[in-house]
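> Here it is: the structure, laid out below.
The values are calculated or read from the model by the stated rules, or taken from the named source; none is laboratory data. It should be emphasised that the depicted structure is a prediction, and the values quoted were computed from it without experimental measurement. Positions of Cβ are generated from backbone atoms using ideal geometry, with glycine treated the same way; all protein chains shown enter the neighbour counts.
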Amino acid sequence: MAMLPFLAGCAAIAPQPLSHPLSPGAIDTIAAGQVHVERDWISPKLLSALRRDAQGLHENGLFSADGLTNNAKSRDEQGFQEKYDRQTFRNDGWGATTGNLAARLEFAQLMQQLKKELAVGLGRPTLASGSGSSLESIWCHHEMTYNWYEPGASLGRHLDEHHEETKGPLGWSRPSRRSVTWLVYLNDDWREEEGGALRCFPRASPSVVPVGADDANLQVGWLAGDCPVFLDSDRPDAQSALYCLAHVDAKRQYLSPDFIPTRPADFGKVLFPPLRDHFQQISTARLDPRFAGARAAPSENIPPSESPFNEGSLDVLPQAGTLVLFDSVTLPHKVLPVTSSRQRIAATGWFHEESKVLL
Ligand SMILES: O=C(O)CCC(=O)C(=O)O
Ligand SMILES: [Fe+2]
């Protein structure tokens, strides 16, 4: 089946100076599937303007409760509640005139610069689409939201992006997909005892091969703990096959015969038999509550040290000004319940890369 790069109508790239470059090592950390954390990333002035903006928008009822999308149920059936679930002010509102648009624009320009830096550093060129100076280009290939957690609220373990083939009929129809997840926390002096930490589950050791996607084929699992496994859906006769790379620039080593994926996908079953015990799938019911139920994943309570999946665990305090970056396809994460009596507030978003579409 032929694949064509999707040509989105985003503005051309115009070079701009970077005012907030990432610290050394950030790019390698993200490419290796680990979590990059940077403290004091934005000025206290912009931070408090964004926090006040989020609070005002919340007072005006412009957030809606959501958690994780369980594809098997309609949104109404999932019964999100403000008390327990994350609430979001979404992208279509980020450029609205309501609230402090000037602060949101200043922040969006900063994030746009970061997007450009990541595009070059990570070798993901279409991340930089929309890096021009026009206003529309700020939103191009970029989702920007505020997140709000009432005391007691939490967010279940999940991944932010999934292989098109695992998403159902709409999977191949989107022009772009989430590539890098960013979070900027807005709570002053947040203490550990207030709960609400972001718990990330990176591999126990960094990947030698860049994670997330290879040649626009998204990663669907891990072999031998930390070797990324990609799904190539461009095989003859509309078939797919799994492969890995021994090192950067290596030839593909196919790990399965060509096959037609079913849903829910169970890639372990199609691998060549000797490999099956060494494979761990991502985007499964076991790891991702999106495919199992809105509240909990069965693996949720397994301490990382006892996890059979060769995972590490990293908690990040949602402290004002902290920037968190990770690959959207490969890094499971969750938000622990907020035990504080105040709300946990964050700006959250996803830099997009262009997708391929199947003809
Ligand atoms: O609020 C956070 O720290 C994480 C939010 C998150 O994972 C998401 O919105 O997908
Ligand atoms: Fe997330």
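> Somewhere in the stretch 214-227, is a residue within 18 Å of S328 (Cα to Cα) and small (G, A, S)?
yes
> A follow-up question, please. Quick check on the stretch 20-52: of everything there that is of a type in the set (S, T, Y) and under 24 Å from the mean Cα position of the chain (by Cα), which residue is modelled with the lowest pLDDT?
Filtering the stretch 20-52 for residues of a type in the set (S, T, Y) gives 23, 29, 43, 48.
Now drop any that are not under 24 Å from the mean Cα position of the chain (by Cα), which leaves 23, 29.
On the way: S23: 90, T29: 98.
Out of the qualifying residues, it is S23.
> Give me the residue from the stretch 143-166 that is touching a helix residue (DSSP H, G or I) at 6+ places or on another chain (Cβ under 7 Å) and modelled with pLDDT under 90 and, out of that set, nearest to ligand 2 (Cβ to nearest atom).
H158
> Sticking with this one: Of all the residues that make up the stretch 313-359, how many are over 23 Å from E59 (Cα atoms), of a type in the set (S, T, N, Q) and surrounded by fewer than 17 Cβ atoms within 10 Å (Cβ to Cβ)?
Summing the residues that are over 23 Å from E59 (Cα atoms), of a type in the set (S, T, N, Q) and surrounded by fewer than 17 Cβ atoms within 10 Å (Cβ to Cβ) in the stretch 313-359 gives 1.
> Continuing with the same structure: Consider the stretch 148-185. How many of its residues are closer than 14 Å to V338 by Cα and either away from ligand 1 (no atom under 16 Å from the Cβ) or of a type in the set (S, T, N, Q) (or both)?
Count: 1.
> List every residue pair whose Cβ atoms lie under 8 Å apart, where the two residues are 6 or more positions apart in sequence or sit on different chains, the first residue falls within the stretch 147-161 and is within 17 Å of P202 (Cα to Cα) and of a type in the set (D, E), and the second residue, located anywhere, is part of a strand (DSSP E or B) and within 13 Å of ligand 2 (Cβ to nearest atom).
Hits for this filter: D160/R178; D160/T181; D160/W350; E161/R178; E161/W350.
> In this structure, is L275 assigned to a strand (DSSP E or B) and at negative phi?
no
> For the stretch 230-272, which positions are assigned to a loop (DSSP other than H, G, I, E, B) and acidic (D, E)?
Residues satisfying the conditions are D249, D258, D266.
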